[in-house]
Amino acid sequence: MFAPRLYFRARPTTAVLRRCLGSTADAQTLDARLKADLKVAMKAKDKVRLPVIKGILSDILYAEKNPAGGASFSRGSDADVAAIFQRAIRRRNDSIESFVG
């Protein structure tokens with residue numbers, strides 16, 4: 001029979017997040033860049049980047065609607081969006097460790 005496929009793409013996903021976080025040389029905010037990257041990934045039918053970008057945009061929307069600890073969140077602030085990226089990277093690395101270890 002067929003062996004079940006493991007969709008273990010945690011390392012490429014973390015690489016995608018780090019690439020998006022590290023490339024802010026242009027004048028776009030991270031949020032605008034994510035939306036542009038989402039359109040590109042949808043058109044290219046990129047199976048790795050698309051769920052990562054959608055997840056980050058979902059995390060941004062969640063942080064915007066439910067501020068944690070009374071802290072204000074601004075979608076236009078690159079520092080706030082970068083903090084969301086860091087949390088997403090940490091969460092994925094923790095899930096890798098729990099899955100492997």
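The residue that is surrounded by the fewest Cβ atoms within 10 Å (Cβ to Cβ), among those in segment 55-101 that are within 23 Å of residue 33 (Cα to Cα) and hydroxyl-bearing (Ser, Thr, Tyr), is 72. Can you confirm whether residue 48 is free of Cβ contacts under 8 Å to residues at least 40 places away in the same chain and touching a Pro at 6+ places or on another chain (Cβ under 6 Å)? Yes; evaluated as a whole, the condition is true for this residue. Taken over segment 40-59, residues that are of a type in the set (Val, Ile, Thr) and within 10 Å of the chain's Cα centre (by Cα) amount to 3.
Would it be correct to say that residue 70 is more than 14 Å from the chain's Cα centre (by Cα), at pLDDT below 90, on the phi > 0 side of the Ramachandran plot and not acidic (Asp, Glu)? The answer is yes for residue 70. Which residues, taken from segment 45-54, are open to solvent by 70 Å² or more (accessible area, probe 1.4 Å) and either farther than 20 Å from residue 86 by Cβ or outside any helix (DSSP H, G or I) (or both)? 45, 47, listed by residue number. Within segment 47-101, the residues that satisfy the criterion of being touching a helix residue (DSSP H, G or I) at 6+ places or on another chain (Cβ under 7 Å) and among the β-branched types (Val, Ile, Thr) are 48, 52, 53, 56, 60, 81, 84, 89, 96. For segment 19-39, the count of residues that are in contact with a Pro (Cβ under 6 Å, 6 or more places away or on another chain) and either open to solvent by less than 60 Å² (accessible area, probe 1.4 Å) or at pLDDT below 90 (or both) is zero.
Restricting the first member to segment 72-101 and to residues that are within 17 Å of residue 31 (Cα to Cα), and the second to residues that are among the small types (Gly, Ala, Ser) and at pLDDT below 90, the beta-carbon pairs closer than 8 Å and six or more apart or on different chains are 73/63; 80/63; 80/74; 84/63.
The values are calculated or read from the model by the stated rules, or taken from the named source; none is laboratory data. Source: prediction; values computed, not measured. Note that we place each Cβ from the backbone using ideal geometry, even for glycine, and neighbour counts take in every protein chain shown. Surface accessibility is based on the protein's heavy atoms, side chains included, excluding ligands, DNA and RNA. Shrake-Rupley method; radii C 1.70, N 1.55, O 1.52, S 1.80 Å.
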